Each structure stands twice: as C-alpha cells, then as structure tokens.
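Trainee: Take this structure, written in structure tokens, and hold onto it; I'll ask about it next.
The values are calculated or read from the model by the stated rules, or taken from the named source; none is laboratory data. Since this is a predicted model, take the numbers as computed values, not measurements. Here the Cβ positions follow ideal geometry from the backbone for every residue, glycine too, while neighbour counts run over all protein chains shown. For accessibility, only protein heavy atoms count, side chains too; no ligands or nucleic acids. Shrake-Rupley method; radii C 1.70, N 1.55, O 1.52, S 1.80 Å.
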Amino acid sequence: MPTVAELTALYTNFMLGPRAGPSVCGECFNFTDGYQRCYACAHGEAWLDTVAPISYSVAREQLHHALARYKRLSGETARRLQVELAAVLWRHLDAHEPCVAAAAGTDAFELVTTVPSSDGQRDGRHPLRWIVGALTGPTRQRHERLLLRSGQPVEGREFSPQKYEAVRSLAGAPVLLIDDTWTTGANAQSAAAALKLAGAGPVAAVVIGRHLNREWHENDRRLRGITRPFDWAHCALCAEDVHLSPGLSVG
Amino acid sequence: MTPLSEAAALVVLLRSGRRPWPAYAELVEDAGSALAVLERQATDSGEQPSLFHEPHEPLVKAAEDEVATWEASGMRLLTVLDPDYPDNLRAVHDRPPLIFVAGRLEPSDARSIAVVGARRASPSGLRRARAIAEHLVEHGYTVVSGLAAGIDTAAHTAALARDGRTVAVIGTGLRRNYPPENGQLQQRIAARFAVVSQFWPDAPPSRRSFPMRNAVMSGLTLATVVVEASHTSGSRMQTRIALAHGRPVFLPRSLLGHAWARELSARPGTHVVDSPAEITATVQRLTSTSALVV
C-alpha cells in the first residue's frame with residue numbers, strides 16, 4: 001500500500017500554495033486587481049464560514065488535469081488519480097484541519113460531506129465520495145452523504161439554495177464540505193446554503209484546487225512568485241502570520 | 001477505433017490551428033469530436049481566418065485519404081477519441097492529441113517503466129541498463145525507451161533478448177530512422193511490439209522533437225529510471241517532465257557522484273535505489289490502488 005507521504009511527494013513539485021496578501025481575495029484566494037474580494041465573491045452569496053483551498057489549480061496544468069480526469073477516466077488510471085488526490089487531502093487535513101476549524105469558529109467538524117456533482121449521471125457513483133468516504137483517513141469515519149441534487153432546474157454555475165437538498169436535519173452540527181475544484185464558488189456556496197437551511201452550524205469548504213487561468217491579468221507573474229516546492233507545513237489559513245512577520249523564524 | 005472522418009478532422013485541425021497541440025487534445029476530448037471543434041472554428045470568425053475562408057469538407061476528405069494511406073502502410077493512428085489511446089498518457093496534461101503506432105500497443109503496456117540514459121554510455125552504464133531491463137521484463141513490465149544509441153539500445157535489446165515486451169517512443173516520424181544505425185532495431189520492435197511517434201510520419205528529428213518525445217515517454221509509463229546521464233542530456237529533461245507529471249523517478253545510487261544527480265535526488269518524487277528490485281517494489285506499492293496508509 002502506498003503511504004500518504006510518498007504519494008503526496010509526487011504532487012509537491014507542481015502544487016502551488018495560496019497565501020493571503022494584498023490583491024488576493026479574502027474569501028477564496030483568487031488573485032484580484034487590488035480588491036479585497038474577487039468579482040465572484042464580492043457579487044455572490046457567502047454562506048460558507050471559511051474557504052480553504054489546498055493549492056491553486058491552473059488550467060491545462062497537471063493538478064487541473066488530475067482534478068478533471070480522476071472522475072472522467074475509468075479503470076486503473078482513474079483509481080490511481082483518486083488515490084493520489086486522497087493522499088493530498090489526507091496530508092492537508094492531518095496538518096491543517098484545526099486551522100480550518102478555527103477560522104470557521106468551531107473546535108472540530110462533526111460531519112464531513114461532499115458537494116454533489118453537477119453531472120447527474122456522474123453523481124450516482126461519484127469518485128469524490130469514494131475519496132472522502134473510504135480512502136482518506138481523517139474524513140472517512142465522519143463522512144456522510146448529506147446532500148442530493150434537488151432536481152430543480154438551475155444553470156450550471158449559478159448559486160441557488162435550492163440546487164441541493166439536505167437529507168436530514170443537522171441540529172447545529174459543524175460541517176466540513178469537500179470539493180475537488182473551486183471556480184466561482186457557486187456550487188460550494190449553494191451546498192453550504194442547503195446545509196445551513198437544514199440547521200448546520202459552521203460550514204467550511206476545503207477544496208483541492210482553486211481554479212485559475214494563467215492568461216488572466218497578472219496571474220502568470222503572481223503564480224511564478226509562489227514558493228516551490230509546495231510547503232505542506234503551512235496552509236492558506238495559517239501561513240498568514242509567517243507572511244506578515246518575515247523577521248520571525250518559524251523553525 | 002476513431003471513425004475515419006474524426007481522425008481526418010483532427011489532422012486538419014492540427015495542420016491549420018494555431019494553438020499548442022495539447023490544447024487540441026483538450027478541446028477535442030471536451031467536445032467528444034474533432035469534427036465538431038473544426039466546425040466551431042470555421043464558424044467562429046476571427047479565430048481561424050484561413051479555415052474561415054476555406055470550406056473544411058474538402059480538407060477533411062483529403063485527410064481521410066491520407067489517413068487511409070498511413071494505415072495501409074502499417075501506421076495506426078490513435079487519437080484521444082480512440083478508446084485504445086493509452087490511459088497513462090491520457091492522464092498527463094501535455095498529452096498529444098494523436099499518436100502513430102507501428103505494431104501494436106497492448107493493454108498490458110500500461111504496466112510499463114521508461115528506462116533512459118546517455119547516448120555515450122559507459123560499459124558499467126550499459127550493464128546496468130541491461131540488468132534493469134531484464135529485471136523489469138521478468139516482473140511483467142514493458143520496457144519503454146527512446147531508441148537512441150547507448151542506454152536506450154541496451155534496454156531495448158536486453159528486453160528483446162529475454163522475450164519481454166519493449167516499446168520505443170521516437171523523436172521523428174515513423175518513416176524515419178534516427179539514429180540510422182538503429183533502423184533494424186526499430187523494425188524488430190515494430191514487428192513484435194510497438195514503435196510510437198507523436199510526429200507526422202515524415203517528420204525529421206529536431207531540437208524540439210526530443211523533449212516532446214520525452215513527455216510522451218513519461219506519460220506512457222508508470223515511472224522513469226535514469227540509468228546514466230551527462231549534465232546536458234535529454235534523460236535529465238525527462239526526469240523533470242516525469243516529476244511534473246507526478247510520476248516517480250528512479251536514480252541508481254552510483255550516480256550520486258554527479259552534482260546533477262544529487263540535486264535531482266533531493267526533489268520530492270525521486271527515489272535513489274541500490275537494485276532493480278527496489279524499483280519494481282516501489283512502483284508496485286505506489287501504483288496499488290486498494291487503500292492508502294500514513
């Protein structure tokens with residue numbers, strides 16, 4: 001069996017850790033032109049208490065490709081990508097779930113669930129649920145399929161609290177929501193809305209890839225500025241202090 | 001197999017398009033059809049002026065004839081739309097939209113490892129390449145290499161001698177032999193297994209074609225082993241590409257005398273090994289998909 005450390009080593013060379021800072025969206029870590037929020041976050045609904053992307057996922061690069069292909073390919077190759085992405089999630093949550101919980105204002109997440117697929121056919125047996133519910137150590141015991149597609153006609157990337165429906169009442173439980181990719185956030189925010197309307201407590205989203213296009217404005221220059229290789233010891237949420245006090249040694 | 005008109009439409013797209021080739025792999029996979037992408041471009045004014053002015057149907061018809069000629073001369077065209085396009089290759093971001101195959105790739109070739117190294121190899125490097133290839137073959141792996149002189153040739157011939165599968169990924173079109181002295185080896189591998197090229201059948205070798213070939217070699221395989229390399233070699237290029245694909249790289253410990261090898265060994269995903277058995281044991285573990293442990 002592969003270990004989390006040796007599988008994640010394979011992704012360490014191309015993952016790009018988001019960091020807070022000027023011209024970085026305070027919600028989803030998108031790059032902005034000097035604004036505190038990106039367009040989608042400034043104009044969209046904000047039901048999530050925290051958004052924590054593990055890495056940037058740049059269009060047509062390897063992480064982006066893996067995040068699209070783990071659910072589109074079949075057979076051994078798809079399984080391999082699924083196990084690799086589970087390792088990424090595992091290593092990240094092992095080190096940084098407390099950062100996510102603190103940012104969302106809770107001690108711990110009682111429940112872990114995934115955002116249903118926008119593809120109804122795929123949602124029947126979505127590999128993300130296999131990743132979160134079976135492969136990933138830190139989530140598998142808390143995983144529950146809490147959300148279903150409501151069947152309401154909602155356009156692909158539109159926010160709607162009716163897009164998904166919760167399967168049961170959540171009685172104040174803090175919920176960790178997992179998704180593979182964050183693009184505009186409309187799906188994750190819709191999922192958070194459905195969870196909160198069912199009574200959930202704090203809801204935070206951990207996404208593996210925050211989608212970016214290298215061609216947009218200054219994105220290429222800014223992506224080149226990200227320290228490599230990927231630093232597993234710091235996440236988008238906890239690295240901030242390091243960032244703001246460069247004089248302090250952090251070990 | 002891809003319908004002839006789809007293969008032909010992809011050929012037309014690649015010949016007339018201005019984007020990098022992997023971009024067409026993405027477009028065509030997303031649309032599920034090269035004809036659809038071609039039609040969209042033709043009606044999308046400004047995008048492709050030459051196509052806009054020229055109706056594409058005659059171009060597709062002409063390309064159909066060309067594809068048929070290639071196939072008749074033993075070159076099979078596999079596009080990203082083809083279910084036989086190798087899955088390992090499909091999973092890397094810079095996969096080519098099509099490959100040409102002389103001979104036949106088998107599903108078992110998914111279980112393959114690339115063995116690469118210097119053209120001017122030392123006797124100990126050649127010995128090591130043979131030992132690694134023999135070990136891989138004994139353990140049911142296909143030995144993939146680049147048909148170059150030196151380490152590549154040693155790896156291919158050792159696999160052939162042990163009756164194992166070996167696949168060559170070349171930096172020219174399939175109608176070319178480069179280096180010329182390996183023409184016979186190329187034919188032997190094509191006759192029994194497969195020679196793969198992502199270039200048009202008559203494409204000559206070029207400075208750009210070899211790094212592109214290395215990306216396909218890495219993409220086709222589960223891992224890359226560098227047997228021996230100089231500080232400027234294409235093998236080192238392939239290690240960078242393999243790591244960028246998220247595929248492991250293996251380095252014999254004896255190479256750590258070189259500064260480049262020490263530098264490479266420090267990169268995540270690189271494994272320094274003392275024996276060929278360590279390579280297969282590690283690949284076996286890394287690619288097992290039943291479960292994951294801390």
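Trainee: B:Ser112 versus (1) touching a residue at least 40 places away in the same chain (Cβ under 8 Å); (2) surrounded by fewer than 22 Cβ atoms within 10 Å (Cβ to Cβ): which is the lone unmet condition?
Mentor: (2)
Trainee: Go through the range B:12-31 and give me each residue that's away from chain A (no Cβ under 11 Å) and either surrounded by fewer than 19 Cβ atoms within 10 Å (Cβ to Cβ) or in a helix (DSSP H, G or I) (or both).
Mentor: Result: B:Val12, B:Leu13, B:Leu14, B:Arg15, B:Ser16, B:Arg18, B:Trp21, B:Tyr24, B:Val28, B:Ala31.
Trainee: So, one more: Considering only residues that are assigned to a loop (DSSP other than H, G, I, E, B), touching a strand residue (DSSP E or B) at 6+ places or on another chain (Cβ under 8 Å) and among the hydroxyl-bearing types (Ser, Thr, Tyr), which ones fall in the range A:156-196?
Mentor: The one that is assigned to a loop (DSSP other than H, G, I, E, B), touching a strand residue (DSSP E or B) at 6+ places or on another chain (Cβ under 8 Å) and among the hydroxyl-bearing types (Ser, Thr, Tyr): A:Thr183.
Trainee: Condition check: facing another protein chain (nearest Cβ under 7 Å), within 16 Å of B:Gly219 (Cβ to Cβ) and over 17 Å from the mean Cα position of the chain (by Cα). Does A:Leu81 satisfy that?
Mentor: Considered against the rule, which asks whether it is facing another protein chain (nearest Cβ under 7 Å), within 16 Å of B:Gly219 (Cβ to Cβ) and over 17 Å from the mean Cα position of the chain (by Cα), A:Leu81 comes out as no.
Trainee: Could you list all residues from the range B:201-259 that are of a type in the set (Val, Ile, Thr) and either crowded, with 16+ Cβ neighbours inside 10 Å or touching an Asp or Glu at 6+ places or on another chain (Cβ under 8 Å) (or both)?
Mentor: Answer for the range B:201-259, where residues must be of a type in the set (Val, Ile, Thr) and either crowded, with 16+ Cβ neighbours inside 10 Å or touching an Asp or Glu at 6+ places or on another chain (Cβ under 8 Å) (or both): B:Val216, B:Thr221, B:Thr224, B:Val225, B:Val226, B:Val227, B:Thr239, B:Ile241, B:Val249.
Trainee: Scan the range B:132-174 residue by residue and report those that are open to solvent by 40 Å² or more (accessible area, probe 1.4 Å), free of Cβ contacts under 8 Å to residues at least 40 places away in the same chain and in a loop (DSSP other than H, G, I, E, B).
Mentor: Answer for the range B:132-174, where residues must be open to solvent by 40 Å² or more (accessible area, probe 1.4 Å), free of Cβ contacts under 8 Å to residues at least 40 places away in the same chain and in a loop (DSSP other than H, G, I, E, B): B:Gly140, B:Arg162, B:Asp163.
Trainee: Let me ask another. Scan the range B:37-68 residue by residue and report those that are at pLDDT below 95 and open to solvent by 60 Å² or more (accessible area, probe 1.4 Å).
Mentor: B:Glu39, B:Arg40, B:Thr43, B:Asp44, B:Ser45, B:Gly46, B:Phe52, B:His53, B:Glu54, B:Pro55, B:Glu57, B:Pro58
Trainee: Going by the conditions given, is B:Ala191 surrounded by fewer than 16 Cβ atoms within 10 Å (Cβ to Cβ), small (Gly, Ala, Ser) and more than 19 Å from B:Val227 (Cβ to Cβ)?
Mentor: Considered against the rule, which asks whether it is surrounded by fewer than 16 Cβ atoms within 10 Å (Cβ to Cβ), small (Gly, Ala, Ser) and more than 19 Å from B:Val227 (Cβ to Cβ), B:Ala191 comes out as yes.
Trainee: Residues of the range A:144-155 being open to solvent by less than 50 Å² (accessible area, probe 1.4 Å), touching a strand residue (DSSP E or B) at 6+ places or on another chain (Cβ under 8 Å) and either closer than 20 Å to A:Trp182 by Cα or within 12 Å of chain B (Cβ to nearest Cβ) (or both), which ones?
Mentor: Those that are open to solvent by less than 50 Å² (accessible area, probe 1.4 Å), touching a strand residue (DSSP E or B) at 6+ places or on another chain (Cβ under 8 Å) and either closer than 20 Å to A:Trp182 by Cα or within 12 Å of chain B (Cβ to nearest Cβ) (or both): A:Leu146, A:Leu147.
Trainee: Out of everything in the range A:1-56 that is more than 14 Å from chain B (Cβ to nearest Cβ) and of a type in the set (S, T, N, Q), what residue ends up being nearest to A:Ala87 (Cα to Cα)?
Mentor: A:Thr50
Trainee: Find the residue count for the range A:31-63, including only residues that are over 17 Å from the mean Cα position of the chain (by Cα), surrounded by fewer than 18 Cβ atoms within 10 Å (Cβ to Cβ) and closer than 30 Å to B:Leu243 by Cβ.
Mentor: 1
Trainee: Quick one: which residue in B:Arg104, B:Arg76 is farther than 26 Å from B:Val249 by Cβ, among the basic types (Lys, Arg) and touching a residue at least 40 places away in the same chain (Cβ under 8 Å)?
Mentor: B:Arg104
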